[in-house]
Every structure is written in structure tokens, then in C-alpha cells.
Amino acid sequence: MQRIKLPPPTRIQSRTTLTVRASDLNYGNHLANDAMLRLLQEARLDWLDHHGLDELGNAHRPGIMLCDVTVCFTGEAFLHERLIIDVGAEAHSRTAIELRYAVREHASGRPIATARTTCVFFDYHNRKVTPMPQSLSRALDQQAQCCAAQPIPEQVDQEQE
């Protein structure tokens, strides 16, 4: 059966380090699928905070609502391992954004997973999809123009391992 291949983020805009806890393990004694989703949420919260946003928003700016997620596991993670999660925006429209994630083990750089989420900007007070904050749109457009050809810093080459 053919597997989905998902590349890591082109540009890293935030980096989060998290430790695998006992409650993150499944019956195989490695990181569980549902735990990976929680780790990705933590990394997404850091990315939002880096851009002055949060999940719920407020009266002056929208929050986000997760529309879909894809996770491609390339390795296992085990109890007490420190994971680095790099996050970057790959595409955006007037009301949505696609974030990409690269998850690797800290000490060895061993790849664990790549992931993608699509989020819409959402006004939780009025219960409707709303445009992306202009400040974020401008920042993403500026990063795309100035950094298009720059390599990902400290990225482990997954092909060499």
C-alpha cells in the first residue's frame, strides 16, 4: 500500500521541545497517535503565540479552528525522549492557513514524524469563519518573499539516516 509522503516545513517559524511522558505511550510502549496530536497542538500554540495569537482569539482578533490533520510517522519515540517540533506556515488564503511540522528526537536528530494541519480563522463570539489577521498575512507574505531560498536551520537530513 502506498504511504503519504509529507515534506517538513520549508521555513521554520517556531521550535518547541517537549518530553515524551508515560501517559503519551500506547500498548507498543512508544508514542501513541493521540499523544502526537497533543504534542502538535502544543507546538501550534507556541507558533500562534510567536505571532501574537491564540486558539480562542478575543474581541479584537480571531482564534483558529482545526479543519484537518495529516501525520506521517517515520520513527518511534519512547519514554523520556525529548522531541523537537519545528513549525512553519506553508500556505495561506484569506481565511485559512496550512501549518507543517517536523518532529525529531533531540539528541540524535532521528526523525519521528512530519505533519500538516489546516486551520481556519474563527470568530468564536459570532460563530463564523473570519479573515486572517492582516498583521499575520503581511508577516507571512514578507517571510515568503525574503526567505524563499533559505535552508531550514539545524534541520536533520532525513535522507542520510
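The values are calculated or read from the model by the stated rules, or taken from the named source; none is laboratory data. Every value quoted in this text rests on a predicted model; they were computed, and no experiment measured them. All Cβ positions, glycine included, derive from the backbone under ideal geometry; neighbour counts span all protein chains shown.
Descriptive notes on the structure:
- Scanning segment 44-56 for residues that are touching a residue at least 60 places away in the same chain (Cβ under 8 Å) and part of a helix (DSSP H, G or I) yields a single hit, 44.
- Pairs where the first residue, in segment 120-132, is more than 18 Å from residue 92 (Cβ to Cβ) and the second is aromatic (Phe, Trp, Tyr) and buried (at least 17 other Cβ atoms within 10 Å of the Cβ), C-beta under 9 Å, 6+ apart: 128/122
- Candidates in segment 135-161 are the residues that are acidic (Asp, Glu) and modelled with pLDDT under 70; of these, the one that is farthest from residue 83 (Cα to Cα) is 159.
- Segment 1-26, subset at pLDDT 95 or above and loosely packed, with under 10 Cβ neighbours inside 10 Å, residue farthest from residue 80 (Cα to Cα): 23
- Residue in segment 67-82 that is in a strand (DSSP E or B), touching an Asp or Glu at 6+ places or on another chain (Cβ under 7 Å), surrounded by fewer than 21 Cβ atoms within 10 Å (Cβ to Cβ) and acidic (Asp, Glu) present: no
- Qualifying residue in segment 27-39 (condition: surrounded by 13 or more Cβ atoms within 10 Å (Cβ to Cβ) and closer than 15 Å to residue 88 by Cβ): no
- Taking the listed residues 98, 90, the one that is closer than 24 Å to residue 128 by Cα, at pLDDT below 95 and of a type in the set (Asp, Glu) is 90, with no other qualifying.
- Residue under evaluation residue 132, criteria (1) assigned to a helix (DSSP H, G or I); (2) at pLDDT 80 or above; (3) of a type in the set (A, V, I, L, M), criterion not met: (1)
- Members of segment 56-84 found to be closer than 29 Å to residue 142 by Cβ and at pLDDT 95 or above, listed by number: 62, 63, 64, 65, 66, 67, 68, 69, 70, 84
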